[in-house]
1. What distance in nm lies between label points placed 7 Å from Cα along the C-beta direction at residue 250 and residue 289?
2. Measure nothing but the geometry: give the 0 to 90° angle between the long axis through the Cα atoms of 172-191 and the longest principal axis through the Cα atoms of the chain, rounded to 10°.
3. With a point put 7 Å past each Cα toward its Cβ, work out how far residue 399 is from residue 336 in nm, to one decimal.
4. Along the charge dipole of the chain, which of 85, 395, 372 sits closest to the positive end, that is, farthest toward it, with unit charges on the beta carbon of Lys, Arg, Asp and Glu (+1, +1, -1, -1)?
5. Can you give me the relative contact order of segment 163-249 as a percent, contacts being Cα pairs under 8 Å and 6 or more apart?
6. Only Cα pairs within less than 10 Å get springs; with that Gaussian network setup on the chain, which residue of 232, 386, 28 has the largest fluctuation?
7. Per residue of the chain, what 222 nm ellipticity follows from adding -39500 (n - 2.57) for every DSSP H run with n ≥ 4, rounded to the nearest 500?
8. If each residue of separation counts as 0.36 nm, what is the full-extension length gain between residue 161 and residue 64 once their alpha-carbon separation is subtracted?
Amino acid sequence: MTKINIVILGGGFSGVSLAMGLARRFKRDSNVAITLVDREAYHLFNSNLYEVATAAEELENTGDLKNSIGLPFAEIFKGRRVSFIQSEVKSIDPLTRTVSLGNKKLEYDYLIVALGSEEEYFSIPGAKEFGIPLKSLPHALKIKNAIEFAVEAHKFDAQKKYVRVLVAGGGYTGVELAGELKGLLNFLSWKYNYPREKMEIQILEASNSLMPGMGDRATRDAASRLNSLGIRVKLLSPIIKVEQNTVEINYGEKLVYDVLIWTAGVRAKPLPAGLNLQKDAKGKAVVDQFLRIAEHHNIFVLGDQAAVLKPNGQAAPASAQDAVREAEYLANALPCLIKNHRPPPYRTKNHGFIVSVGGKWAILNYPPFYFTGRLAYFIHELAHARYFASILGWWKAIKLVWFQDRLYSRND
């Protein structure tokens, strides 16, 4: 029997979940080879990037912080029939069914593209140059260092100017990050003997509410929680220009800042060269009911790069939950397609969310259930543990969540 090569590009939520699911499905089939390609040696659990960005180095070392969210592929795939290649994807040739990885070419029979998203600057002048995004481990460490440098730089200022941290974007990521920044500023105030009342965190949001699209009740509770933490929120404040240490918002108003963190939006990463296909207005690949592209039925796109449509024709939201769900679907559908059987189509599903807003406090909105506080945060941690268990097993998952809690709680 001819060997079947399944190649997965991208080791994010969808790529890793799919690799694990296929490894289970083809556990006893030596004719199927599964290969995952990623430019990093680790799977980034980016849901906790905000925790790393707000942790003080005196309380925990950088190595531990990296280990808390960077899970080595070698450990994830240990004992599994999944090969890992650390490399940058250069191009795809659908005619020869090959992927170019620098000087190496990788043959495939079935290809899954899941390379994720990148920051979106909306062509705002200066935003990319001066704003620090939160999409990677280096970004998180850069934010932490930039804030400490700003406080240290003002330490010997006789007039004790304000240290202002601006968070551009009041969505899910911006709210979580801003809520956790309070602990870091408290620590730096103590470390550098700098007046805490001279340190400010402010969210700038272009729309008329926090976390647009997540419900009025959740946005009100998030605003109330941030206010109780002393974090200012400025709504209807789209940024139109960024310069070094100043941002200009609508009506020409200018705000001075020391650190600008950019969480205003993300977009799909560009698809690899050579893959010519139909895209939507946001550059996402249009996929069919089996998550395939129309041009080549042996190529699938998942996660942030896929335009998955709801039954009403609207694009489904892209989240970690959706990425994992798409991967779980394809892990069952692909074996059927390989055998020329027709699997059931993929169906989008409305789901709730949990957002952490400072310390061990969160908002849970999974209709009909809605509550806030410590219990919501506990369920938030259980959801993380469940995901870790799906790729590491329960024992390692429990140890990892305990390790994370020990690191992150020191700054609450």
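1. With each label placed 7 Å out from Cα toward Cβ, I get 4.2 nm.
2. With both axes taken from Cα atoms, the answer is about 50 degrees.
3. Simple spin-label model gives 3.8 nm for this pair.
4. 395
5. Details: 123 pairs, mean separation 27.9, N = 87.
That works out to 32 percent.
6. For the chain, modelled as a Gaussian network with Cα springs under 10 Å, the answer is 28.
7. Values: 11 runs with 138 residues, N = 412.
-10500 deg cm²/dmol, from helical runs alone.
8. Result: 31.6 nm gained on full extension.
The values are calculated or read from the model by the stated rules, or taken from the named source; none is laboratory data. Note that the structure is a prediction, hence the values are computed from the model and not measured. All Cβ positions, even for glycine, are placed from backbone atoms using ideal geometry, and neighbour counts span all protein chains on display. The area values use the complete protein model at the heavy-atom level, side chains included, leaving out ligands, DNA and RNA. Shrake-Rupley method; radii C 1.70, N 1.55, O 1.52, S 1.80 Å.
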